[in-house]
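Since the structure comes first, as structure tokens, the remarks are kept for the end.
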Amino acid sequence: MSLIESIRFITPEIILLAGAIIILMFSLFVSNKNVLGVFALSAIVAASLYLPQSQKVEPVLFFNMLTNDSFSLFFKEIILFITGIIILISIGYEELKEKYIGEFFFLLLNGAIAMLLAVSSNNLLMIYLSIEMLSLISYILVAFLKNNTLSSEAALKYFLFGALSTGIMLYGISLVYGLFGTTDLAMISKAVSAGQINNLVSLILLVLILAGLCFKCSLVPFHMWAPDVYQGAPTAVTAFLSVGPKAVGFAVLLRIFSNNFFHLYINWVTLVMLISIFTMTIGNVIAISQTNIKRMLAYSSIAQAGYMLIGFVVGTAGGIEGVLYYIFAYTLMNLGAFGCVILVSNYLKSDAIEDYAGLYKKDPVTSFMLSIFLLSLTGVPPLAGFWGKFLVFNAAIQSKFILLAVVGVINSIVAAYYYMRIIKFMYLEEPKAKEIGPKSVPLQIALAIVTAGVLIAGLYVTPFLNWVKYSQSFF
Amino acid sequence: MSGLIQLLNSHGIPQDFVIKAAFYFIAALTLLFALFVVLSRHIFRAAVYLAVVLTGIAAVYLFLDAEFLAVVQVLIYVGAIVVLFIFTVMLTADIDSGTFVGTLRRMSVAAVASLAIFFILFKVINMVTAWKTAVPAGASISLSQLGKSLMTGYALPFEVISLISLAALVGALVIGKAEKR
């Protein structure tokens, strides 16, 4: 397919870019958060209407820089959904001043473009560039509250960690290029399956590339940035970081390792299994002692990534389906949890868990929704989070990864403690004397959508299972 | 350069030897200055040493027949990035007055870690002897070929880079702009 014909397949990206630039220019005259936000939202809706459908035959786009399979389509849908919800959340987030709001939406839409490109990239160069673009935008968004020292410190830490891990990954990519003379994943995949690669060398390559992706998914040992960044960043950005880059990281991880480097499975499986076990355990154990809800959710999201990794370690079709469903469920419940945190912090002006005491009496709707998200994160049936855990643990048991399944289940029980603790605070403790203020409508719409998602994906699971089954095939 | 080689040849010194000697000299110099960058107590001096290191790397590219890359290396890294470093150091109050000395323990940990990584990578690079390049080694790439590939096979990444710079520009403005009190 020629260059011009390929352009049709990046229509969503082009729509988002046009929307972003128009917002940037409009923000010179209009500084109303709602107007710009609604415009950004309509760009997202337009982009999702123009998502290219997957083809029967693999199209060669931009000289095989991009692909258009059902796997990338799945992630594109999730990414557009995430960005839409984040826009709704940011309209209702009071700490975000109207001053630079045009720039904020511009960067958010550009982040969406970077994520869309990353999940459909079929070339290590494109993967590197789009992940780098996403990281760069994330650093800026974290520093967005620039008079807040926590926000600046978080951005600096995030940047330093990010630069290091990107450097390591780039070194790995350069070795891949040296070995195969190409960065095209399809050609690399052919050479790998022809067995042209030494085992030790391949292990080093995989470790180096894994390092960069572990950073994006906040997996141990590249998780240290997450708590500080999640706490310091504006909460709307935290919600974005906890789901967006993580979904992209897993998409790229699955594409490179489960598809193209699958012949080296034996080489990477033990390593990734160890990463999974440590990620789950460290995330959960440290989360127990947290007093700030954003920090607690940061450690919880580290642990959740560990569960997702189980399906990736298993590597069978069932395992990958589990990862995809888990990412979908995790997106819903984490966006919801952070949305509730924003709603509460808008009137409490605090993120301390103690201040959630007796919230049930003052704000029953929000407490109920937050409880649903926390129960879903715990994995209580019949919510969406339960099916995610069920699918990955089931896949692990069927492929005889008993140790992984056992560690996963034990960790889920440990995690139940700190999720339930918040519910206990909200329902059983005596309230502190603080009035609740007016609640933002767009934020409530976002929460309603996400709550409905968690309930429907849990109670009426069959169509979603069919969706991930259809989506787990690469070309 | 070629005149010098002829002169040496006429004295019975082979060309290979000259090129090798030049390479080892430049490599040693680059490494020495790289050490200075890490060990220097003043950040300003470290930035100047870094300029030397980057020029040395440009020279290594010349040995690899990558003339264009060498020129770009000098223009962008030495010309722009090191200058940017120096400007930042000058504009940041007091950054040069303090000395950046790591404790002996930290420095030794860092040294052990980086040496370990060095030996692992060195072993890997030595194990594989058939390293490949997209074009046969030694063939020089003309600028027009480079331009053509930027407009065909690499058109999309090329455009994405422009998007990255746009986002970075907007971000730099947001973060760097002074707030009115």
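Every number here is computed from the coordinates shown, using simple stated rules; none is lab data. As the structure is a prediction and not an experimental result, all values here were calculated from the model. For neighbour counting, all protein chains shown are included, and Cβ atoms are generated from backbone atoms with ideal geometry for every residue, glycine included.
In the distance distribution for the protein assembly as shown, Cα-Cα pairs more than 37 Å apart total 40 percent.
Where only DSSP H runs of four or more residues are counted, chain A gives -25000 deg cm²/dmol as its mean residue ellipticity at 222 nm, each run worth -39500 (n - 2.57). Relative intensity of region A:198-262 on a log10 scale, I(q)/I(0) at q = 0.19, 0.23, 0.25 Å⁻¹, equals -0.75, -0.95, -1.05, per a Debye sum over C-alpha point scatterers of equal strength in the absence of solvent.
For all pairs of alpha-carbon atoms in region A:167-276, what percent lies in each bin of width 5 Å, listed from the first bin to the last filled one? It works out to 2, 11, 20, 24, 16, 11, 7, 5, 2, 0, in whole percents.
Stokes-Einstein diffusion coefficient for region A:94-229 at 4 °C in a medium of 1.567 mPa s, Rh from the Kirkwood formula over Cα pairs: what value in µm²/s?
Details: Rh = 16.4 Å.
Translational D for this selection: 79 µm²/s.
Between amide H atoms placed 1.01 Å from N, distances below 5 Å from A:ASN123 occur with A:LEU185, all of them 5 or more places distant or on a separate chain. Projected onto planes of every orientation and averaged, the convex hull of the alpha-carbon atoms in region A:263-475 covers 12.1 nm².
If you average 1/r across every pair of different Cα atoms in region A:80-139 and take the reciprocal, what Kirkwood value do you get, in Å?
Numbers: mean 1/r = 0.0809 Å⁻¹.
For region A:80-139, inverting the mean 1/r across all distinct Cα pairs yields 12.4 Å.
What does the average come to when, for each residue of peptide B:147-160, you count the partner chain Cβ atoms lying within 10 Å of its Cβ? Please list the in-between numbers first.
Working: counts 0, 0, 1, 0, 1, 4, 7, 6, 5, 15, 11, 1, 2, 12.
So the per-residue partner count for this stretch is 5.
The local environment of A:TYR418, defined by Cβ-Cβ distances under 13 Å, has a net charge of +3 under the rule Lys, Arg +1 and Asp, Glu -1. Straight-line reach from A:LYS362: taking Cα to Cα under 18 Å and skipping same-chain neighbours fewer than 8 places apart, the lysines in range are A:LYS349, A:LYS424, A:LYS432, A:LYS434, A:LYS439.
Between the C-alpha center of region B:6-71 and that of region A:438-460 there is a gap of 61 Å.
Averaged over all directions, how much area does the convex hull of the C-alpha atoms of region A:379-457 cover when projected, in nm²? Please report the intermediate quantities before stating the final value.
On the way: hull surface 28.7 nm².
One quarter of the hull surface, i.e. the mean projection, equals 7.2 nm².
Checking every one of the trypsin sites (Lys or Arg not before Pro) in region A:329-429 against DSSP loop status and a limit of 15 other Cβ atoms within 10 Å picks out A:LYS349, A:LYS400.
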